[in-house]
Amino acid sequence: MRTIIAGNWKMHKDRAEAQALIDALAEQVGNTERVEVIVAPPFPFLAMAVEHLRDAHIGVAAQNCHEALHGAFTGEVSAAMLKSVGVSACIVGHSERRQYYGETDAAVGGKIAALLHAGMLPIYCCGEMRAEREKGTHFEVVRAQMNEALGPISPADLAKVVVAYEPVWAIGTGLTATPQQAQEMHAFVRKELRMLAGDAAAAIPILYGGSMKPDNARELLACADVNGGLIGGAALDAGLFTELVRIAARAAAHTSIP
Ligand code: 13P
């Protein structure tokens with residue numbers, strides 16, 4: 001199973017700060033044989049990140065894309081455009097985009113199809129709101145998100161997707177899902193993936209996102225179905241992010257022992 005640590009910078013950093021973070025990551029992340037490292041800076045810094053992170057084998061992702069190839073969609077960016085500047089992955093369906101920009105599962109499904117068509121890696125985010133967890137409807141919510149966005153994708157294509165479970169109540173709040181809560185939901189996501197993708201589900205990485213930091217990552221990454229992290233706040237600091245990559249590398253070494 002692949003292990004992935006991805007950093008979502010959200011709308012942070014100006015040019016000089018982005019360059020400093022990119023340089024520090026290129027220097028500090030080091031040999032990452034066991035972990036695929038990806039960073040997702042804002043659009044203006046993507047080409048710069050691609051150029052400076054290539055030798056460090058750190059992949060670059062966008063935080064959003066449009067589902068069409070091109071057209072009259074002012075302010076939007078297509079998967080093919082991202083691909084043409086060396087971006088290899090894209091986060092889609094993040095809860096902030098669902099919440100603030102009204103992105104639906106159907107629209108997100110279209111973005112996933114566009115990314116696959118461009119030969120890119122979609123990182124599909126799902127996860128319940130706090131009220132849904134309190135009502136006990138979190139499994140239903142995640143099932144609907146998975147089925148609606150991923151249902152139309154063929155099993156062969158689903159094998160090229162990464163899923164990120166991000167409970168909305170844990171994002172940027174300092175509240176983290178307990179390892180038990182994370183494992184329970186990740187196992188559920190894996191089961192849903194099996195319905196959609198058959199045997200390919202066993203090899204689809206499922207990342208956890210929501211206040212993952214060096215002090216809670218070890219336990220989360222030790223869970224059988226947690227195959228990495230989608231990191232927000234801690235991805236803005238080269239030291240913390242590098243530490244998370246190291247913790248993930250140790251967890252991957254541990255789980256690969258037969
Ligand atoms: P935090 O790590 O800041 O909680 O953000 C998680 C996230 O939303 C990553 O996409």
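The values are calculated or read from the model by the stated rules, or taken from the named source; none is laboratory data. These numbers were taken from a predicted model, which means no experiment stands behind them. With ideal geometry, Cβ positions are generated from the backbone for all residues, glycine too; neighbour counts draw on all protein chains shown. Surface accessibility is based on the protein's heavy atoms, side chains included, excluding ligands, DNA and RNA. Shrake-Rupley method; radii C 1.70, N 1.55, O 1.52, S 1.80 Å.
Among the residues of segment 127-139, are any touching a residue at least 24 places away in the same chain (Cβ under 8 Å), among the basic types (Lys, Arg), open to solvent by less than 50 Å² (accessible area, probe 1.4 Å) and under 19 Å from Ala6 (Cβ atoms)? No, the conditions are met nowhere in segment 127-139.
Take Val77 and tell me if it is within 30 Å of Ala170 (Cβ to Cβ), open to solvent by 20 Å² or more (accessible area, probe 1.4 Å), more than 18 Å from the chain's Cα centre (by Cα) and not charged (D, E, K, R). Yes: the conditions hold for Val77.
In segment 57-74, which residues are out of contact with any strand residue (DSSP E or B) (no Cβ under 6 Å at 6 or more places or on another chain), closer than 22 Å to Gly229 by Cβ and open to solvent by 20 Å² or more (accessible area, probe 1.4 Å)? Selection gives His57 alone.
Taking first residues from segment 1-22 that are open to solvent by 80 Å² or more (accessible area, probe 1.4 Å) and partners that are within 16 Å of the ligand (Cβ to nearest atom) and among the β-branched types (Val, Ile, Thr), no Cβ contact under 6 Å between residues at least 6 apart in sequence or on separate chains turns up.
Residue-by-condition table, conditions (1) within 18 Å of the chain's Cα centre (by Cα); (2) open to solvent by less than 10 Å² (accessible area, probe 1.4 Å):
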site: Asp199; (1), (2): no, no
site: Leu207; (1), (2): yes, yes
site: Pro214; (1), (2): yes, no
site: Cys223; (1), (2): yes, no
site: Thr242; (1), (2): yes, yes
site: Ala248; (1), (2): yes, yes
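Identification of helices (runs of 4 or more DSSP H) wholly contained in segment 83-172 with 1 or more residues that are within 16 Å of the ligand (Cβ to nearest atom) and modelled with pLDDT of 95 or more yields 95-101, 105-117, 138-150.
Would you check if there is a residue in segment 245-253 being in contact with a Phe, Trp or Tyr (Cβ under 6 Å, 6 or more places away or on another chain), within 16 Å of the ligand (Cβ to nearest atom) and among the aliphatic types (A, V, I, L, M)? Within segment 245-253, not a single residue is in contact with a Phe, Trp or Tyr (Cβ under 6 Å, 6 or more places away or on another chain), within 16 Å of the ligand (Cβ to nearest atom) and among the aliphatic types (A, V, I, L, M).
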